[in-house]
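This report refers to the structure that appears directly beneath it.
The values are calculated or read from the model by the stated rules, or taken from the named source; none is laboratory data. All values derive from a computational prediction rather than experimental measurement. Cβ atoms come from the backbone with ideal geometry, glycine included; neighbour counts cover every protein chain shown. Quick note on the areas: whole protein, heavy atoms, side chains included, nothing else; ligands and nucleic acids left out. Shrake-Rupley method; radii C 1.70, N 1.55, O 1.52, S 1.80 Å.
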Amino acid sequence: MVTRFLLLLVFLSHHLARPIANPLHPMKWNILSIFTMLPPMILLLPLLLASAYSSSSDGSRVAKYEQAISQGETALAELLETHPDVVAAAGNVEISESQYRFTIPPTNDYVVSILVNPCGSNETYGREDDVALGYDCCMERFGSGEYGYRLGSKDRFSNGYSNGLPIDADEPLHNIDLVDEFGNSLDYSHSRRADDVVYIDESCTGLRQPHTACIADRFAAARSKLNPPCWDNNSTVDSTLDCHTPTGKRQRHCMQVSYSLNAFIPVCGGDFEESDDCGSFLEVHGPSTPYDNEEAMLSQTKITTPVSNGMYTTTLSLTYKDDPSRILCSYEYHDIQVGSMVRVKSPISCCCPPWLSPLRDSKEGAFFCPKRKYAKDGGPFAPDYNTLEEQYADHEFQQSFPRCPALDGDDVLMCTQERVFAEDVPKGHSGRYFARPCAPLVEADDSGGFSSADVSGIYPGVCPIDDRFAGCGITPSSGLCHGKDHQYTMEGEIGKVTSIPNKSNPNYGVTFNNGRSVYWFQKNDLDFLKPESNYEVWFVVRNRIEKRVKKRKPFRVIWPRCTYDSVNDRYFPYAMLDDEGNPMSVL
C-alpha cells in the first residue's frame, strides 16, 4: 500500500509539472491546474496515510500469526516426541514383536469373547461315545463357556488373579462353584450345561459321604457326556488332529476358534487389505522358555468380519511358527518364572497390635491401609482400582471409619487412638479417634526382647515378613500372641511372581494385589502352582507402529508330548514330526 501511495505522488507531481500548450502564453506553467488539484490531494492524503498505516498493521499481524504458528508447531513436535502414548516411526520402519500393548477393555465398555474348540475338540476328542457336533455349530449364534471352582474357594483370594481353586471339568455340579468367563457366579438354573447323570450307588450314605460323587443315600451323580454347541473346550486341544473350517474344508494340525465383539472390529481395506500390519488378528502365544518369550507369535489368522452377529468361527494353525514339521505340544513349566502363580508355604507368623473389630464394637485397634470393601484385611490383599466405576462404588466404604490417610499406594499398618481432650465426644463416636501408623517395635530389655506401646507384650524379635510389618513381633515359641494381639501370617496365600532373583536381589517378588505392592520371599518359602493352561489365544489389533492386545484366552494342549532336546538336556517347546507325521520323543 505504501508503494502505491508513492507512485500516486510521483504521478501527480509529474502531471502538475508538465507544461501545457497555451495559445496566449505558449511556454508558461499551468498554475491554475496546480490550484485545481490541491483540494483533492488534501482530501486524499488522510485516506492514503490511513491505508498505509492499516497495511503496516496487517503486516504486523501476519508476522505475529506466523510466529504463533511456528511456536505451536515446535510445541507440538516436542509433545509428540515425549508423549508416552505416541510411538514415532520413519518411512517403512520394521515392526518388532515387542511392540505389544495390553489394553484389555473393561466389561462395561465392550467385551471380547473367545471360545476354543466350540464344537467339541478337534475331531471331537475324548470318550468313544461322545456325540459329535457339526463343524458349523458356532456360526452367528450365542455361545459361552462355564467353569468350575472347588467349593468354598471362590473369591477366597483377593489378589486380582485367582478367583478360586480350579476343579476338574468332569466334576458333578454339586461339587463346584459355577462361574462365567469373568469369574461371576452362575446359578445352576441358568447354566447351559447338561444335567448330571444320576445313578444308584449302594455305598452312598449322604451328600459326599463316603465319597464326593454321592448326592444322597444310595445315589451318586456324574457329569453328562453331552455338551451344548458353542461351548468352551479350552482344555482339550490335540495338535496331532485336524479340524474343519465352518464351510467344511478339512485342514491339517489346527483347531477351531470362535470370537465375538459387541463393538466394531477394526478391519483394513484398500492398499492395506492384505497387510499383516493392519487389522485384527487371532494369535497363538506360548510360555516363556529358553527358546522363546511369551511375545513370540507361534501362529496367526486374520479376521475379515467388521461386525460379528453372535459368535463367528475360524481356524488357527497348531504348527510351530508355520513349520509343518513342528507342532505345539503339552509343554509344562518346571520352575518359577515371572508371571508364575505361587502359594506361600512359609510358616512365619507375627503378632500385631490388637485388630480392629469387624463389628466396630470397639473403635480402638489396628488395620491395614489401603482398605477395600471386598478385600480380606486390606493392605497386601487390597487390589488397585481398575476403573473409575470401581472407585466410585467403593467411595462410601472409604469414607467410613476408620479412614485411611492419603498414601502413595503402599501398604501401611495403622492404629486408631483416642484424641486428646475428647471427653465431650461420645465414647462410641468415630470422631473421638484418629488413625496413625502403628509404632515400630524397639528393643525393650537387656534380654533382647522387643515391644511397643501398641502391642501387649515383649516379643523375641521384629516381624521378618517385611519392613511394613515393623509394628509386629515374631510369634513366641508357644505359638500364641500376648493378650489380645492379632496373629498374622501369609502362609497359604496365592500370589503372582513379578520378579525373579538376580545379582542385586536373591529373592522372588510376589504380588497379592494385581501389582500394586510387592513382597519378597526366598524360593524355599514358595510352592510353584502348575498353570491351568500352556498356551494363549490373543485378540490383537495391529497398525504399522504397535499391536494392541484386547483379549488373552488360555487353552491347554494335552497331546503330543514335547520332543526332548538331548543336547541341552531339556524339552523343546514343540513336538518334532517324523517323515510319516508321527511325533518324535527325542531328538
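Key figures for this structure:
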read-out: Count - residues of the stretch 480-489 that are more than 14 Å from LEU413 (Cβ to Cβ), part of a loop (DSSP other than H, G, I, E, B) and either in contact (Cβ under 8 Å) with a residue 12 or more places away in the chain or open to solvent by less than 30 Å² (accessible area, probe 1.4 Å) (or both); value: 4
read-out: Contacts under 9 angstrom Cβ, first residue in the stretch 501-521 being within 14 Å of GLY339 (Cα to Cα), partner of a type in the set (A, V, I, L, M, F, W, C) and open to solvent by 60 Å² or more (accessible area, probe 1.4 Å), 6 or more apart; value: TYR508/ILE500; TYR508/TRP520; GLY509/VAL338; GLY509/ILE500; GLY509/TRP520; VAL510/TRP520
read-out: Neighbours by Cβ (under 7 Å, 6+ apart or cross-chain): first from the stretch 573-587, within 12 Å of ARG326 (Cα to Cα) and touching a residue at least 60 places away in the same chain (Cβ under 8 Å); second crowded, with 21+ Cβ neighbours inside 10 Å and of a type in the set (Phe, Trp, Tyr); value: TYR574/TYR320
read-out: Residues being buried (at least 17 other Cβ atoms within 10 Å of the Cβ), within 30 Å of TYR392 (Cα to Cα) and in contact with a Ser or Thr (Cβ under 9 Å, 6 or more places away or on another chain) - total across the stretch 342-370; value: 5
read-out: Residue check for TRP559: in contact with a strand residue (DSSP E or B) (Cβ under 9 Å, 6 or more places away or on another chain), at pLDDT 90 or above and under 26 Å from ASP109 (Cβ atoms); value: no
read-out: Matching residues in the stretch 435-458 - criterion: being under 18 Å from VAL420 (Cα atoms) and either of a type in the set (D, E, K, R) or loosely packed, with under 14 Cβ neighbours inside 10 Å (or both); value: ARG436, ALA453, ASP454
read-out: Some residue of the stretch 319-330 being over 30 Å from GLU536 (Cα atoms) and aliphatic (A, V, I, L, M); value: no
read-out: TYR291 under 29 Å from ASP109 (Cβ atoms) and either at pLDDT 90 or above or not charged (D, E, K, R) (or both); value: no
read-out: Hey, TRP520 open to solvent by 30 Å² or more (accessible area, probe 1.4 Å) and modelled with pLDDT of 90 or more or not; value: yes
read-out: Residue pairs meeting the criteria (Cβ under 6 Å; at least 6 apart or on separate chains; first modelled with pLDDT of 55 or more, in the stretch 115-144; second of a type in the set (Asp, Glu)); value: LEU115/ASP232
read-out: Counted residues, the stretch 294-324 - those being open to solvent by less than 50 Å² (accessible area, probe 1.4 Å), not in a strand (DSSP E or B) and not hydrophobic (A, V, I, L, M, F, W, C); value: 4
read-out: Residues that are part of a loop (DSSP other than H, G, I, E, B) and either out of contact with any Lys or Arg (no Cβ under 8 Å at 6 or more places or on another chain) or of a type in the set (Phe, Trp, Tyr) (or both), drawn from the stretch 490-503; value: MET490, ILE500, ASN502, LYS503
read-out: Among (1) of a type in the set (A, V, I, L, M, F, W, C); (2) at pLDDT 90 or above; (3) over 27 Å from the mean Cα position of the chain (by Cα); (4) open to solvent by less than 60 Å² (accessible area, probe 1.4 Å) - the single one MET584 does not satisfy; value: (2)
read-out: All positions within the stretch 545-581 that are open to solvent by 40 Å² or more (accessible area, probe 1.4 Å) and out of contact with any Ser or Thr (no Cβ under 8 Å at 6 or more places or on another chain); value: ILE545, ARG552, SER566, VAL567, ASN568, ASP569, ARG570, ASP578, ASP579, GLU580
read-out: ASN507 being open to solvent by 30 Å² or more (accessible area, probe 1.4 Å), touching a Pro at 6+ places or on another chain (Cβ under 7 Å) and at pLDDT below 85; value: no
read-out: Pair list, Cβ under 7 Å, 6 or more apart: the stretch 399-425 residue farther than 12 Å from ARG436 by Cβ and among the hydroxyl-bearing types (Ser, Thr, Tyr), other residue at pLDDT below 70 and surrounded by 10 or more Cβ atoms within 10 Å (Cβ to Cβ); value: none
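Each row is one residue, and each column tells you yes or no for (1) assigned to a loop (DSSP other than H, G, I, E, B); (2) at pLDDT 90 or above; (3) hydroxyl-bearing (Ser, Thr, Tyr); (4) surrounded by 13 or more Cβ atoms within 10 Å (Cβ to Cβ).
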position	(1), (2), (3), (4)
GLY164	yes, no, no, yes
LEU178	no, no, no, yes
ARG192	yes, no, no, yes
VAL198	no, yes, no, yes
GLU202	no, yes, no, no
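Here's the yes/no breakdown for (1) of a type in the set (Val, Ile, Thr); (2) open to solvent by 20 Å² or more (accessible area, probe 1.4 Å):
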{"position": "VAL257", "(1), (2)": "yes, no"}
{"position": "ASN262", "(1), (2)": "no, yes"}
{"position": "GLY270", "(1), (2)": "no, yes"}
{"position": "SER280", "(1), (2)": "no, no"}
{"position": "PRO287", "(1), (2)": "no, no"}
{"position": "ASP292", "(1), (2)": "no, yes"}
